[in-house]
Amino acid sequence: MEINKLSMALKKAPLPARMTIGSFVLFLVMYWLVTAKFIEPYYFEGLLFALPFVCFGIITFLTVIDKLKIGTSYKITYILIIVLGFASVFTFGYIALDAAVTQTTDIGKYERVLKLTGYPSNTLIRYFPDKIPSNAKNIVFNYNPAFLQGGENFDLKFETDSDSIKDYIDEFSKQAKWIGKSSDSEAEENGLFLSAFDTVGYKNLPEDYTIYLIDSKPYYPDDWNHGELSAAAISEERNEIIFIAEDW
């Protein structure tokens with residue numbers, strides 16, 4: 001029965017019927033993109049991509065029941081293709097721009113951020129925990145996506161038990177290419193500037209923290225205006241650990 005209706009629509013209103021089918025498929029693709037492939041899902045805004053499907057569907061229906069003449073139906077369809085095409089491109093551009101400049105601080109989205117940024121294959125963050133430990137307290141999480149000249153950064157801070165802290169120390173002592181304090185001269189030489197810890201609440205990292213530099217490199221020799229940094233900082237006194245990763 002449904003096949004017969006579709007066949008009739010394609011015969012009596014071929015252009016709007018095809019546009020209805022095509023725009024429905026496009027809606028499914030676009031809705032999946034903006035809800036599954038962005039850090040912050042755009043559930044409501046994504047429904048705007050259903051507008052072409054609804055409009056072409058109405059035109060098809062009115063044409064099939066002879067409420068619209070074929071010529072009029074085609075004219076309206078061509079106009080809608082242009083108008084709704086531009087509207088869809090604008091909507092997607094707006095969503096993509098908003099996603100690119102939106103900071104994420106919701107700790108509930110931590111695992112989603114890792115997944116969508118290529119964890120664990122992403123060398124910048126592969127040493128981050130795959131999830132926030134269940135016993136973690138006073139959690140701070142920040143993710144800023146890269147946009148134009150702006151850098152991408154991941155920051156995670158939490159308190160945990162002393163045994164977990166010792167495990168992290170053992171792990172990072174083996175991985176780190178440099179271990180020291182923020183006041184050490186080698187810190188800046190390795191791209192570890194004081195501002196690296198701003199987003200987790202430390203404009204000046206306290207001396208009870210030991211920094212474990214996992215990796216860092218400038219994009220140009222001896223020029224830290226652009227580069228990559230992966231590091232952890234641990235305070236046994238506070239039972240606190242900080243993970244930072246930046247690509248700027």
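Okay, residues lined up against (1) closer than 30 Å to Asn225 by Cβ; (2) modelled with pLDDT of 95 or more:
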residue: Lys131; (1), (2): no, yes
residue: Ser134; (1), (2): no, no
residue: Phe141; (1), (2): yes, yes
residue: Asn144; (1), (2): yes, no
residue: Gln149; (1), (2): yes, no
residue: Phe154; (1), (2): yes, yes
residue: Lys157; (1), (2): yes, yes
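Within the range 100-114, does at least one residue satisfy the condition of being basic (Lys, Arg) and free of Cβ contacts under 8 Å to residues at least 12 places away in the same chain?
Within the range 100-114 (the criterion being basic (Lys, Arg) and free of Cβ contacts under 8 Å to residues at least 12 places away in the same chain), the answer is no, since none of the residues qualifies.
Given Phe53, Phe61, Phe49, Phe27, which one is more than 30 Å from Asn153 (Cα to Cα), hydrophobic (A, V, I, L, M, F, W, C), more than 38 Å from the chain's Cα centre (by Cα) and part of a helix (DSSP H, G or I)?
Phe61
So which residues in the range 166-190 are hydrophobic (A, V, I, L, M, F, W, C) and assigned to a helix (DSSP H, G or I)?
Ile169, Phe172, Ala187
Name every residue in the range 191-208 that is hydroxyl-bearing (Ser, Thr, Tyr) and not in a loop (DSSP other than H, G, I, E, B), in order of residue number.
Selection gives Ser195, Thr199.
Specify the residue that is surrounded by the most Cβ atoms within 10 Å (Cβ to Cβ); the eligible residues are those in the range 44-72 that are in contact (Cβ under 8 Å) with a residue 40 or more places away in the chain and β-branched (Val, Ile, Thr).
Thr60
Within the range 107-121, take every residue that is under 10 Å from the mean Cα position of the chain (by Cα) and of a type outside the set (D, E, K, R) and give me the one that is surrounded by the fewest Cβ atoms within 10 Å (Cβ to Cβ).
Filtering the range 107-121 for residues that are under 10 Å from the mean Cα position of the chain (by Cα) and of a type outside the set (D, E, K, R), the one surrounded by the fewest Cβ atoms within 10 Å (Cβ to Cβ) comes out as Leu116.
What's the total number of residues in the range 122-165 that are within 11 Å of Ile244 (Cα to Cα) and either among the aliphatic types (A, V, I, L, M) or surrounded by fewer than 13 Cβ atoms within 10 Å (Cβ to Cβ) (or both)?
Residues flagged as within 11 Å of Ile244 (Cα to Cα) and either among the aliphatic types (A, V, I, L, M) or surrounded by fewer than 13 Cβ atoms within 10 Å (Cβ to Cβ) (or both) within the range 122-165 amount to 3.
Quick one: how many residues across the range 166-188 are under 31 Å from the mean Cα position of the chain (by Cα), exposed (fewer than 14 other Cβ atoms within 10 Å of the Cβ) and either farther than 16 Å from Phe128 by Cβ or among the hydroxyl-bearing types (Ser, Thr, Tyr) (or both)?
4
Let's see how each residue does on (1) touching a strand residue (DSSP E or B) at 6+ places or on another chain (Cβ under 7 Å); (2) aromatic (Phe, Trp, Tyr); (3) assigned to a loop (DSSP other than H, G, I, E, B):
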position: Phe90; (1), (2), (3): no, yes, no
position: Asn122; (1), (2), (3): no, no, yes
position: Asn138; (1), (2), (3): yes, no, no
position: Tyr143; (1), (2), (3): yes, yes, no
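Quick one: how many residues across the range 191-230 are free of Cβ contacts under 8 Å to residues at least 40 places away in the same chain and of a type in the set (Gly, Ala, Ser)?
4
The values are calculated or read from the model by the stated rules, or taken from the named source; none is laboratory data. As the structure is a computational prediction, the values presented were derived from the model and not from experiment. Cβ: placed from backbone, ideal geometry, glycine included. Neighbour counts: every protein chain shown.
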